[in-house]
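Taking it in order: structure first as structure tokens, then the write-up.
The values are calculated or read from the model by the stated rules, or taken from the named source; none is laboratory data. These numbers were taken from a predicted model, which means no experiment stands behind them. FYI the Cβ positions are ideal-geometry reconstructions off the backbone, even for glycines, and counts take in every protein chain you see. The accessibility values were calculated without ligands, DNA or RNA, using every heavy atom of the protein model including side chains. Shrake-Rupley method; radii C 1.70, N 1.55, O 1.52, S 1.80 Å.
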Amino acid sequence: ITGNIRMQRRNKPRGRHGYYTRPACSRFHLPKLWSGLESATGPAMADNFDAIVIGGGPGGYNAAIRLGQLGLAAACVDKRGVFGGTCLNIGCIPSKALLHASERFHEAATDFPRLGIKAKIELDLPAMMAQKTKVVGELTKGVEFLFKKSKVEPSIGEARITAPGKVEVKTPDG
């Protein structure tokens with residue numbers, strides 16, 4: 001999360017420890033570069049946010065969603081084409097989907113005959129890869145849904161902090 005976020009106690013406790021987050025500075029101002037940016041959800045992006053999260057991986061998208069749930073105007077910027085980070089898109093989740101299918105294939109080849117089940121088992125790699133892609137797609141759509149539900153503004157681009165309270169984003173098209 002860019003900028004300073006400080007914890008403040010209110011008269012009425014919120015959350016597990018009675019704290020809620022509030023930005024230490026008033027708002028983040030994005031440069032004019034953002035004025036005509038089309039976001040993944042449609043309309044042009046606003047130029048002021050309470051918080052901007054740089055990075056749409058597991059920590060980033062969770063932080064942005066939580067900020068939105070707390071009522072803050074939040075944006076999440078990621079340079080990859082989809083949110084979810086390495087784990088969701090090319091690492092853990094795709095690997096586990098393929099591992100699960102491979103384990104079922106091995107189980108069918110080795111355990112079925114012991115149970116008296118005869119079957120001709122063959123591997124259909126394109127179908128296995130399609131299942132993996134479907135699983136990843138469903139999960140990334142889930143992240144996008146949570147962004148929309150929490151009123152988080154998603155953006156694809158490379159972000160950098162240029163000054164306190166200032167964030168510059170270079171979009172893929174310039």
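Within the range 116-174, the set of residues being free of Cβ contacts under 8 Å to residues at least 40 places away in the same chain and among the hydroxyl-bearing types (Ser, Thr, Tyr) comprises THR133 only. Which residue is farthest from ALA159 (Cα to Cα), if the candidates are limited to the range 53-68 and must be of a type in the set (A, V, I, L, M) and open to solvent by 20 Å² or more (accessible area, probe 1.4 Å)? Filtering the range 53-68 for residues that are of a type in the set (A, V, I, L, M) and open to solvent by 20 Å² or more (accessible area, probe 1.4 Å), the one farthest from ALA159 (Cα to Cα) comes out as ALA63.
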